[in-house]
1. Just from its helices, what would the mean residue ellipticity at 222 nm be for the protein assembly as shown, if runs of 4 or more DSSP H residues each count -39500 (n - 2.57) and the sum is divided by every residue, rounded to the nearest 500 deg cm²/dmol?
2. How big is chain A in terms of Cα radius of gyration and Dmax, in angstroms?
3. At a 1.4 Å probe radius, carbon and sulfur cover how many percent of the accessible area of region B:3-62?
4. I'm a student and want to see the number: the projected area of the Cα convex hull of region B:3-62, averaged over all directions, in nm².
5. Give the distance, in whole Å, between the Cα centre of region A:8-45 and the Cα centre of region A:133-190.
6. With 23 Å as the limit, write out which pairs from A:Lys109/B:Lys76; A:Lys35/B:Lys45; A:Lys76/A:Lys109; A:Lys45/B:Lys106 have Cα-Cα distances beyond it, or answer none.
7. Pick out, in residue order, every one of the chymotrypsin sites (Phe, Trp or Tyr not before Pro) in region A:51-108 that is DSSP loop and has at most 14 other C-beta atoms within 10 Å; say none if there are none.
8. Probe radius 1.4 Å, ligands and nucleic acids left out: can you give me the accessible area buried at the A-B interface, summed over both chains, in Å² to the nearest hundred?
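The values are calculated or read from the model by the stated rules, or taken from the named source; none is laboratory data. Model, not experiment: these values are computed from the prediction. Positions of Cβ are backbone-derived with ideal geometry, glycine not excepted, and every protein chain shown enters the neighbour counts. Note: accessible area is taken over every heavy atom of the protein model, side chains too, but ligands, DNA and RNA are not part of it. Shrake-Rupley method; radii C 1.70, N 1.55, O 1.52, S 1.80 Å.
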Protein chains: 2
Amino acid sequence: MTRSEENYIKTIFHLGRQGMEAVSTNAIAELMETKPSSVTDMIKKLSEKDLVNYKRYQGVSLTDLGTQTALGIVRKHRLWEVFLVEKLDFSWDEIHDIAEQLEHIKSDKLIDRLDKLLDYPKFDPHGDPIPDKNGDFKERDRKLLSEVEIGTKGVCVGVKDSSASFLKFLDRNHIALGHQIEVLEIEEFDGSLNISINQNNMQISHQIASNLYIKINEQ
Amino acid sequence: MTRSEENYIKTIFHLGRQGMEAVSTNAIAELMETKPSSVTDMIKKLSEKDLVNYKRYQGVSLTDLGTQTALGIVRKHRLWEVFLVEKLDFSWDEIHDIAEQLEHIKSDKLIDRLDKLLDYPKFDPHGDPIPDKNGDFKERDRKLLSEVEIGTKGVCVGVKDSSASFLKFLDRNHIALGHQIEVLEIEEFDGSLNISINQNNMQISHQIASNLYIKINEQ
DNA sequence: ACAAATTTTTAGCTTTGCCTAAATTATTAT
DNA sequence: ATAATAATTTAGGCAAAGCTAAAAATTTGT
């Protein structure tokens, strides 16, 4: 598999997760910052290789083989992210671009050894699950902070948007995975929330809340 | 710099080290398992970018810029090799191909952090020196085992040939960096040596001896 | 329903890095 | 010194992966 093929497979995988229908050519093009015509070309190639199901004008979806391939790439990406944070002290807004390169290194043994070095992590630094060697993973039971009621207590377990700008914002405001969060108030007017995080009170916009995942504390 | 450009620069660097004259097109082609005509194409491109000095039919040599570039690549390659051996328990015959991929990852910060994680190693697992951030390195004072006299004592510090087949041979025969070696006898007829290595006596061919570096013990 | 708008595909072109075959330059051997 | 040999370059092509512009199919709005 070429690097480019891998990137397409990964993109189709990520787009496919949201809704279950076929992914559109334009959506792929937009996410990959390329042109729809280029996407069509590549889709045909991937279709030849039985990695995607494709009918002209009908969008595209991953085959089982394609899904397994995608999971392998996601596994590599997320393991490298853990490595960068845990072993090389990178901050979570710096790791994506580097992991994007590292995910294309070809060596099963390397990835298995890395997995072992990191002690078989189940989640990456953004809280996303890491598929195991067989592609199996468990999505964590979590809710967006914007969708829980007043009084809810939980722990921050992930972010939906993992852009550098959002992650840097979180850093500046001392919000990190593992922190205890309680929703104290929800403002009717603009949907902003008053929360306590790690004993401190702060006000966050609806936009922030709708990109933070929490795991609600057991009673 | 593209991956391919980097590979050419690295190859020219390695060929340039042996003798100081310009490197021939054919030599590059052979080492890279490509055709001389392809080499000519790339050399022109590198020349445009001021990475090599080139005059038609006269061979090629690295400019200062090219040399610095090459040292950066070599630094990355060798640091990754140390990582693979020290942190992921790879054996020294397995690391070359993987490091060949990892050396193209683009991130200065990554390499500096890796350097730190490994505690700023000065030599790679084959005993070759690792350039520092500025491209500086010190060649170790060493001799080929085939070129010392009877009675010489020293410690194994490197290999000249680092092909997998040679390295596997060394593993099978329990020869590794750091081992104490003494030359007990040299056979006139075929140049084979009788040595003691880590207290054990063994017979090695001239070919083996001419690919093992030792650092002669101080008196 | 069907015209307009949008999405997707096709056709044809570009660049990178490689190839083969032929031409050119350098080296060597007598 | 010059013919033969070897090394190198040029010319022309190919495949991958991208692009633009135009054509075709689908979806949407009224």
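1. -12500 deg cm²/dmol
2. According to the Cα coordinates of chain A, Rg and Dmax are 19.2, 56 Å.
3. 46
4. Here the figure is 3.5 nm², rounded to one decimal.
5. 28
6. A:Lys35/B:Lys45; A:Lys45/B:Lys106
7. Taking region A:51-108 and a limit of 14 other Cβ atoms within 10 Å, the loop chymotrypsin sites (Phe, Trp or Tyr not before Pro) found are A:Tyr57.
8. For A against B, buried area totals roughly 1700 Å².
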